[in-house]
Every structure is written in C-alpha cells, then in structure tokens.
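Step one of this worksheet: look at the structure below.
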Amino acid sequence: MKYINLNVNAPGAMAGSNLVIAGDWGYITGISPIDLEKPESSLPELVEAQTRKLLKNLDQILDYEKLNKSSVVSIRVNIINFDRLYDRVLPVIQDYFAPGKYPGISCNGVLANRRGAQVEMDLILYISN
Amino acid sequence: MSEVKTKPYNGYYLKPVPEDDFLLTKVGPGTPCGEYLRRYWQPFLLSSEVKDLPLATKLLGEELVVFRDKSERLGLLHKYCAHRGVSLEFGIPAEKGIKCCYHGWNFDIDGTILDTPAEPPNSRIKENFSQGAYPVKEENGLIFAYLGPPEYLPPFPHYDIWEHPAENKLLPIRINIPCNWLQIVENGSDPIHNAYLHAIVAGQQFSKAFKVLPQLDFPMTPLGFLSMATRKVGDYIFIRSSEIALPNVGHFPNGSNGISGESFALKPLATRWAVAVDDHHSSFIGFIHKNEYNESVMQISPDECGVDKFPFIGQTADRPYADRQREPGDFDALVSPGHIANRKIEHLGTTDRGVSLARRLIAKAIRAVEKGEIPELPRLNPNGFVNSFAHEIVIKAPDFPDNPEKLALFGRQAAMAFVELSDLSPIDREKKAEVIVRDILKNIMSN
C-alpha cells in the first residue's frame, strides 16, 4: 500500500490521502473543488466551474504520480440538488475525457458535500507499470 | 421613546413589529398589486426549460402548466383540469393543445375545449365553459405571459437596446430567488450598495472605481427613473445610470469598467424583470447583453448564463454558506431579510431615495389600477421599439473642481441628455449625447 499526500502543509483539502495505491489499483476518494494548496480559499460559484476545478485537482494528483487520465476506470460523482445540477455536471466530466474512452460513471444525489461543495467524486484507477 | 431607541442594549424595546405589507407585496389574483402586475407582459421561463413534457409552474401566485403541443405551439393553462381537477402537468400534448390524462378532455392552447371523448356524442358540455388560458410569446429565448384582462393586452415591450449594437447577442438568464419581487426592484433602485456591497465592504466584485463614493440621483424617465451614480475617478468623471422601468424592469450597465478611456454608451450588461412567482418567490429573469463593449471589460461566456447562472459573483444560492458569509453578494442581500422584508424595522437614510421613489411610484400605479385607470405602459417608438435609457458615461475632466454639488449637477444634466434624445436610435443617441455632454461639461466648468 502506498499513501500519496501532495500538500502535507495544507490539511483539509481532502479528508484522507489524496491517492491510495493498492497493488495495480489506485483510489482517489472525496476529491472536491477545494483547492489542494489553499483549502481555505473560496469555491467557484457555478457547478460547472466547481467541476472544472475538481478535475484540475485530479490532474495535479495524477501528475504527482506520473499518471494520466487514461488510467481512470470509474468515477462515482456525488452531486447536491441532483435534479437541477446533473445535466450541468456531466458534460464537464465528459469533456475532460477523450471521446469514446469515458470511464464508468455513476452519479448520486447527496444531501451535502464537504465545505458546501456542489460536487465531489470518488475514482478508481488502474495502474499498469 | 426616541430616548430608548438610542440606548445601548435596547433590543427589548426595539422588537421587530410584524408587518403585513399588503399593498406592494401581495401578488395573487384579486390583490391590488397582483392586478397591477397583471397589466404587463411578464417573462417567467426560458424557452429551453419547456421541452417535450408539460411543466408545472407558478406565476403571480397562480398555479399553471406550460407545454408545447405537437404542432410546436406553446400553451399556458390553469394547472387543474376544468373537468375534475387533475393536474395538466400529467396531460398528454396533442396535435392541437393538450389532453388531460384522466378522461382525455382536450384543451386547445387558448383554453377552448376541443373534445370531451367520454361524454355522449351529442353532449354540449364543451360549449359551456373553457380551461383558463393565457397568451404567451417567445422572444430571444424567454417565454412571456400576459395574465391580465384580455381587453387590456399591452403592446409587447421590445426594447431598442436589444438590437444595439448590431452584433449584440442576448443570452437568457433566470435565477430563482426565494424572496418577494419588491426586494429585487429595491436592490436595483439603490445605487449606493454598488459601492459598499460590491467594492468596499464585501469584496472587490465591481471595479475599483466603485470604491469612490458617488453623488446619487434619480431623475425621471417616461416609465420610471434612472438610478444613477456620478463619481470623479482619477482624471475622469464616471456616470453609471441604471434604468428602473415600472413595474419590474431594470436595465443595468456592467460594473467592471476600469475607467481608463472615455465612453458614451447605451449598452447595458443586463435587462432583467423581477417577476413574482408568488408572494415569497421570484425570478430574476432577462438577458445578458454580449457585445464588444461589455466584453471589453469582462468575460461573458454563454456557459455562465442560463437557469440559476449569472456571469458575476454572488447572484445565486450556489456558493457554500461560509463563502457567502465571507463575501456576500446580491443574492444574500436580497434573501436574508426574509421572504418579505419587514419594512417596519427600517430606518431609511438619504441614500435610500431611489428605494422610496420606487415604492411611491409603484404604490401610485397600484392605486390607479384599483380606481379603474390604465397604468402607464411601455410606449413603442415609431420603429416599434421601447426606448431604454441605462447608460454609462466616462469623460475626461482632469480639472473638474472638487465640488460635490457641481459633480451632481453635471451627472444629472449629462444623464438627461440620453433621456431627452429619446426619439433617436441608440446609435444616434450615443453620438448626439456625446456632443451635448461635452458642452454641458464646458458650461459647468466655466461657471
């Protein structure tokens, strides 16, 4: 098991490790639009902007371990106000990945996310050496 | 009692008094304000919100269903079927109109009953009544309805600045705001909040120019007034005039002008209606004007416009609560007084003149409708447009004296140039107003 923590001086950006690697598999759990370096800074207002910020955070974590987005196998997306925001979040996620190479995606409506974020994700990565 | 009001720790004596602000805030059928607002076309949804299924909606306290029939015609009917009261949100769009799911009664978009299939063939029941229906109109991605007496149908208010400049693109927006419509109108009538909420206290939301405290003025226009602020910013005088048009329309210049060059522009950033959904909920609905002028000072992405979207911080409920507390925006100022602000606890100051004026004009118009008069309506010019007056003036005046009265006088006279030239097209008005405003400046400087 390997525990990856990018910014040990910025606790609170994620509840646990940024990435946990177990064998060939990586787990990113509870990634949100909270800035990984300055977790106290404001979140963007629109859910599209929050989703883009979250995916930038993902890039940062993947870069740190010299991985890329093609290693993402599946995503669970947790959205508040599901009926209102699902149609706004999904296209941003789809835009991020190469067409035809989308990971598995499931979306759940949740009561709340950490720090009042409108969107949060859990991801599973396949890491082939 | 006035002694008590100024004593420390006097909360007990200043307990809020619940107020039933009936005249200006209650909008349901038969209420004085509701009857007044019903005399105007009101936008209530974006075209993109009405798809293949009927949509239950609310406007001016009335429960309604909007739908497109299979001939692509838009209908707006009372929600509950005139037969047995089933909601027509479960109706099935037909070639003509909509069929109630329960017994197949078919209502045309004007409410005419086309068919009552369960009744005997010789039944004349459908000739005896109809489903409540209202005229609707789609314009640039907004759906408007007229809920007033059919005999008073007003002209549709197509504003001149929608087509100005020629490449202007209107991006529809609609924000759900859980407060009474009047709070939104009052916010637009209060130009000093732009200095405090948007620049000095809550964060740098507008440009730094808004940190300069302005001279305020509220000159009248044909159907309302300008809510204007005149500032001396460096070598320039900066006049920002929003237009408040009765009953609930506003045109607002952008707040991002960094004041680095002259302009004489009838090119507001937003046209909005403060539409009462019911007494406690409103739609901030209208257009963002995407054009070169506005985009020279701010980014306008179509992605940031739509339902519960606005290309400026603090206009929706979608930020985390703590972020809203750290840097509150208009949404928080509108909603935090409660669904209907308790105006009994207010202490209005001199900078609240626009708020008072808006209330007085609306109250007067409501009373006029109560007396059976026709309220002032948007007037169409010979080209079929309604003139609008929101503008921004930035003029170089490095030697303008440090004299608030003169600054206010210049602001008012300059702003009125745009109002008095109302028979010209926006492009001609801008050109002509520039000449007049330069003359006014010379005159005031030389006196």
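What is the residue count in the stretch B:269-317 for residues that are within 21 Å of residue B:193 (Cβ to Cβ) and within 14 Å of another protein chain (Cβ to nearest Cβ)?
Residues flagged as within 21 Å of residue B:193 (Cβ to Cβ) and within 14 Å of another protein chain (Cβ to nearest Cβ) within the stretch B:269-317 amount to 9.
Report, ordered by the first and then the second residue, all pairs with beta carbons closer than 6 Å, sequence separation of six or more or different chains, a first member in the stretch B:109-130 that is closer than 14 Å to residue B:94 by Cα, and a second member that is modelled with pLDDT under 95 and of a type in the set (Lys, Arg).
B:113/B:126; B:116/B:126
Among (1) part of a loop (DSSP other than H, G, I, E, B); (2) β-branched (Val, Ile, Thr); (3) buried (at least 24 other Cβ atoms within 10 Å of the Cβ), there is one condition residue B:300 misses while meeting the rest; what is its number?
Here residue B:300 meets the rest and fails (3).
Residues of the stretch B:83-133 being of a type in the set (Gly, Ala, Ser) and under 26 Å from residue B:146 (Cβ atoms), which ones?
Passing the criteria: B:85, B:87, B:91, B:94, B:97, B:111, B:130, B:132, B:133.
When residue B:328 is evaluated against the numbered criteria (1) touching a Leu at 6+ places or on another chain (Cβ under 9 Å); (2) modelled with pLDDT of 95 or more; (3) closer than 20 Å to residue B:286 by Cα, which criterion, by number, is the only one it fails?
All conditions are met except number (3).
For residues that are without any contact (Cβ under 8 Å) to a residue 24 or more places away in the chain, under 21 Å from residue B:33 (Cβ atoms) and crowded, with 21+ Cβ neighbours inside 10 Å, tally how many sit in the stretch B:313-365.
0
I'd like to check something: does the stretch B:210-218 contain any residue that is aromatic (Phe, Trp, Tyr), at pLDDT below 95, within 15 Å of residue B:314 (Cβ to Cβ) and surrounded by 19 or more Cβ atoms within 10 Å (Cβ to Cβ)?
no
Give the number of residues within the stretch B:318-329 that are in a helix (DSSP H, G or I), facing another protein chain (nearest Cβ under 8 Å) and in contact with an Asp or Glu (Cβ under 9 Å, 6 or more places away or on another chain).
1
Given the criterion within 28 Å of residue B:280 (Cβ to Cβ) and of a type outside the set (S, T, N, Q), identify the matching residue among B:114, B:77.
Of the residues listed, the single one that is within 28 Å of residue B:280 (Cβ to Cβ) and of a type outside the set (S, T, N, Q) is B:77.
Which of the following residues is in contact with a strand residue (DSSP E or B) (Cβ under 7 Å, 6 or more places away or on another chain) and either modelled with pLDDT under 95 or at negative phi (or both): B:393, B:440?
B:393
Provide a single number: the residues in the stretch A:43-66 that are surrounded by fewer than 17 Cβ atoms within 10 Å (Cβ to Cβ) and assigned to a loop (DSSP other than H, G, I, E, B).
Qualifying residue count for the region: 1.
Please go through (1) more than 14 Å from every other protein chain (Cβ to nearest Cβ); (2) within 30 Å of residue B:307 (Cα to Cα) for residue A:43 and return the number of the only condition it doesn't satisfy.
Failing condition for residue A:43: (1).
Of everything in the stretch A:77-110 that's within 14 Å of another protein chain (Cβ to nearest Cβ) and part of a loop (DSSP other than H, G, I, E, B), which residue is farthest from residue B:307 (Cα to Cα)?
A:80
Can you confirm whether residue B:73 is more than 18 Å from residue B:135 (Cα to Cα) and of a type in the set (Lys, Arg)?
no
The values are calculated or read from the model by the stated rules, or taken from the named source; none is laboratory data. In this text, all values refer to a predicted model and were calculated from it rather than measured experimentally. Neighbour counts run over all protein chains shown; Cβ positions are idealised from the backbone, glycine included.
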